[in-house]
Amino acid sequence: MNQAVPSIVRRRGRPSSATGTEGGGEVQSLDRAIALLEVLALSDGLTLSEVARAAELPTSTVHRLLTTLERRGLVGHDAATGQWMVGIGLFRVGSAYLRIRKLPEIARSLLRELSHGVNETVNLSLIEGPHLICVAQVESHAAVRAFFRIGGDLPIHASGGGKAILAGMNPEARRAWLGGDQLQRFTEHTHVSRRALQADLAQIAERGYSIDDEEHTPGMRCVAAAVLDEWREPVGAISISAPTVRMPPERIVDLGARVREAARRLTTQYSGR
């Protein structure tokens, strides 16, 4: 079965950083080699001519670069089919990122951007046991604003971030996190039964963001969306919190769309997907 050949937008000519400097040819070769890796990363294997066509480079140049990358283990070659693919060495290089990535650091600028855009408090939270832990925050400058201490915890069933994460879990993981059938009540709006909470989680999964409608703190509302890892499992949540008077139902739709988009962007930055 023929597969579609991926295409990339390649910068034509000599890279600007190499202009007027020695070693410009080496920089250009590096740029082209990276372009080949990007092409191969989008496929399950391509022939030499397919790689050359996708990268918009001469076949001889592509062959020279691929054989160099093969010696380094960054690409592999199947002699039986003539196809080239990414190599195990590239996995080793890429997996180094997994060892050092820290969600709060990756999220810092995005949280600031979101908070300034909506002029409300924005939080990044992770779950630990039955609690949601706030690990990063950008406060609103409004006189009356939501505030949650960094390191402070909220119940996962009665918080926007917690419910967003629960909605993204598989059913087995969700049951393990929730524990017993009877959930603790904090306000008259808290879901205290699994049945009620499960119905809410189904709606959250459908629209892509959760709503905490004074379920933990009277007078406070929150919208949140889950951040996912490379396996599409939730690792945290971004939330926007505000006094109820500043988050009426008609504003929730706009803020929900904003937090959903922010979580999507952070998911891409964190997981590469």
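Only a single item in (1) modelled with pLDDT of 95 or more; (2) of a type outside the set (Lys, Arg); (3) open to solvent by less than 40 Å² (accessible area, probe 1.4 Å) is not met by Ala205, and it is number (3). With (1) touching a residue at least 12 places away in the same chain (Cβ under 8 Å); (2) surrounded by fewer than 19 Cβ atoms within 10 Å (Cβ to Cβ); (3) over 15 Å from Gly236 (Cα atoms) as the list, and Val75 as the residue in question, which single condition is left unmet? Exception for Val75: condition (2). If you go through region 245-273 and keep only what is within 18 Å of Ala136 (Cβ to Cβ) and of a type in the set (A, V, I, L, M, F, W, C), you end up with Val259, Ala262, Ala263, Leu266. Test Arg101 against the criterion of being surrounded by fewer than 20 Cβ atoms within 10 Å (Cβ to Cβ) and either touching a residue at least 60 places away in the same chain (Cβ under 8 Å) or touching a His at 6+ places or on another chain (Cβ under 7 Å) (or both), and give yes or no. Here the answer is yes, as Arg101 does meet what is asked. When region 175-191 is filtered for residues that are of a type in the set (A, V, I, L, M, F, W, C) and open to solvent by less than 30 Å² (accessible area, probe 1.4 Å), the ones remaining, listed by number, are Leu178, Leu183. Only one entry of Gln203, Gln198 meets the criterion of being among the polar types (S, T, N, Q) and either in contact (Cβ under 8 Å) with a residue 40 or more places away in the chain or within 20 Å of Ser239 (Cβ to Cβ) (or both), and that entry is Gln203. Can you confirm whether region 209-217 contains a residue that is open to solvent by 60 Å² or more (accessible area, probe 1.4 Å) and over 19 Å from Val138 (Cβ atoms)? Within region 209-217, not a single residue is open to solvent by 60 Å² or more (accessible area, probe 1.4 Å) and over 19 Å from Val138 (Cβ atoms).
Of the helices (runs of 4 or more DSSP H) lying entirely inside region 111-223, those carrying at least 1 residues that are of a type in the set (Asp, Glu) and touching a Lys or Arg at 6+ places or on another chain (Cβ under 9 Å) are 194-207.
The values are calculated or read from the model by the stated rules, or taken from the named source; none is laboratory data. Predicted model, so just to flag it, every value in this text is computed and none were measured. For neighbour counting, all protein chains shown are included, and Cβ atoms are generated from backbone atoms with ideal geometry for every residue, glycine included. Ligands, DNA and RNA are stripped out before the accessible areas are found, and what is left, the full protein with its side chains, is counted by its heavy atoms. Shrake-Rupley method; radii C 1.70, N 1.55, O 1.52, S 1.80 Å.
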